[in-house]
1. Under the rule a/c < 1.5 gives rounded, and otherwise a/b versus b/c splits prolate from oblate, where does the stretch 281-414 land using the Cα gyration tensor?
2. Residues with amide H under 5 Å of L385's amide H, sequence separation 5 or more or different chain, H placed in the peptide plane at 1.01 Å from N; which?
3. Suppose R0 equals 25 Å. What FRET efficiency, 1/(1 + (r/R0)^6) with r the Cβ-Cβ distance, do K172 and A227 give to the nearest 0.05?
4. Using unit Cβ charges (K, R positive; D, E negative) and no other charged atoms, how large, in debye to the nearest 20, is the dipole of the chain about its Cα centre?
5. Check I210: other-chain or 5+ apart residues with amide H under 5 Å from its amide H, H built from backbone geometry?
6. For the chain, find the longest principal axis of its Cα atoms and tell me its angle to the long axis of helix 239-251, 0 to 90°, nearest 10.
7. Report the Cα centroid-to-centroid distance between the stretch 165-204 and the stretch 299-318 in angstrom, as an integer.
8. Give me a comma-separated list of calculated 3J(HN,Hα) values for the stretch 348-354, in order, Karplus coefficients 6.51, -1.76, 1.60 applied at θ = phi - 60°, integers in Hz, x for any Gly or Pro.
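The values are calculated or read from the model by the stated rules, or taken from the named source; none is laboratory data. Bear in mind that the values here come from a model prediction, so they are computed numbers and not experimental data. Cβ placement follows ideal geometry from the backbone for every residue including glycine, while neighbour counts extend to all protein chains displayed. Protein only, heavy atoms only, side chains kept; ligands, DNA and RNA dropped before computing areas. Shrake-Rupley method; radii C 1.70, N 1.55, O 1.52, S 1.80 Å.
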Amino acid sequence: MIRYPRRTLLKAGAAFVGASALGFPAIVRAQAEKIRIGHLTPLTGFLGVIGSYAQLGAKLAAEEINASGGILGKPIDLLSEDSINPATAATKAQRMLEQDGAVVLLGEISSASSLTIMQVAERNKKVFFSTGARSDALRGKNCNKYSFHCDIPNTVMVNAVGTALSQKGMVKGKKFFTLTADYIFGHDLLKAAKVFFGAHDANLIGDELIATDVTDFSPYLLKVRQAKPDVVCCNLAGNQVTNLVKQYAEFGFPYPLVGFNLNTGDAWAAGPGNLSGTWPTVWYHTLDNPASQAFVAAFSKKYGKPPENHAWIDYVTLKLLAEEINTTKSTDSAELIAYFEKQAQFDIGKARKAYFRAWDHQLVQEAYPFTVKPKDQMKDQWDMLVLGDAVPAANDPLETIYPTKDQNPCEMKA
């Protein structure tokens with residue numbers, strides 16, 4: 001820390017008093033002429049690769065909103081930072097609200113960090129849009145009235161992949177071995193998987209909980225070899241998925257590797273020829289929809305690469321937030337909550353419009369299973385995945401793939 005002589009500090013104090021009389025009102029006015037939005041996402045650690053995409057998506061949305069007149073005629077001042085870990089995420093969220101003047105918070109991928117930001121939002125009575133965290137518990141036992149959830153939850157990912165596997169005869173009567181991230185997200189995903197296995201006559205013959213800093217998976221893969229399952233299921237997150245996929249390919253197992261969680265940034269990082277099987281996603285850049293393709297074109301032009309799913313979800317979240325504020329003419333938390341609880345529908349670049357459920361604040365939307373292209377069919381390093389049909393089917397209500405109130409009860413305080 002830099003220290004200054006007492007005389008220097010006294011002179012500075014006098015200058016500050018003079019400035020407060022002349023210059024500070026102008027500074028306050030300048031701040032009031034912008035709408036500050038706090039954005040937190042992991043830029044380091046095992047989620048850092050996909051978090052960097054989320055930041056790019058949010059920045060692009062802010063630039064486009066500002067270019068079209070801003071929010072309520074004011075430009076967005078997007079305060080985007082690395083959330084790092086749950087404790088740091090909470091500290092930064094509190095600072096953004098208390099000192100920086102953010103009117104709303106959005107972002108995050110880690111379910112553990114999202115939970116601590118949710119708690120900060122509730123204490124400060126400010127709205128938080130959790131854009132990338134997938135734990136069912138955040139929408140269930142940990143829910144609160146100030147938090148909204150934009151990504152598909154674990155149950156939806158399990159249902160999307162499980163349905164695709166069932167259609168291929170890979171579930172009923174089959175033996176599964178799961179590799180699970182040892183934190184709230186992984187525990188929650190394993191719980192959802194067990195429910196699916198039980199309902200579809202599949203057998204879970206083994207599971208290994210794996211710490212988030214593990215990079216060598218050989219001890220766990222040796223246990224897989226001993227168990228001889230029909231299917232191995234990955235319940236990991238971030239670059240751990242990438243590392244597992246590469247090492248799994250080296251072992252040359254005869255049983256397919258599938259997963260109930262994968263982000264496209266991690267799939268790309270695995271490299272051509274390493275990834276196989278069926279996986280879930282909330283969005284992919286080849287999705288044939290005009291709004292979606294307009295976003296892909298703008299992102300690719302600006303950043304020189306296609307957007308990953310977290311870039312898309314942070315982009316559409318900021319866009320729908322701007323739409324809401326311009327509609328209600330307010331950034332007040334109570335009015336934001338009331339508007340979204342009316343289940344207003346939003347175009348998010350998919351075949352069907354999305355809406356936030358009133359009782360758990362989950363953004364209800366389509367999801368997709370995907371498979372992997374053979375290496376010789378890829379046009380470039382990003383042309384790796386093939387989207388399956390959207391789930392649920394077009395004639396089925398969107399909520400059929402989401403947890404019900406009985407399955408994932410949410411009790412919000414008044």
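1. It is oblate, given that a/c is not under 1.5 and a/b is not larger than b/c.
2. Distant-sequence amide H within range of L385: K373.
3. After rounding to 0.05, the efficiency reads 0.85.
4. Around 860 debye, computed over the chain.
5. Counting only residues 5 or more places away or on other chains, the set is T180, A181, D182.
6. 20 degrees
7. Cα centres, the stretch 165-204 to the stretch 299-318: 31 Å.
8. Going residue by residue, I get 10, x, 10, 4, 10, 6, 10 Hz, with x marking Gly and Pro.
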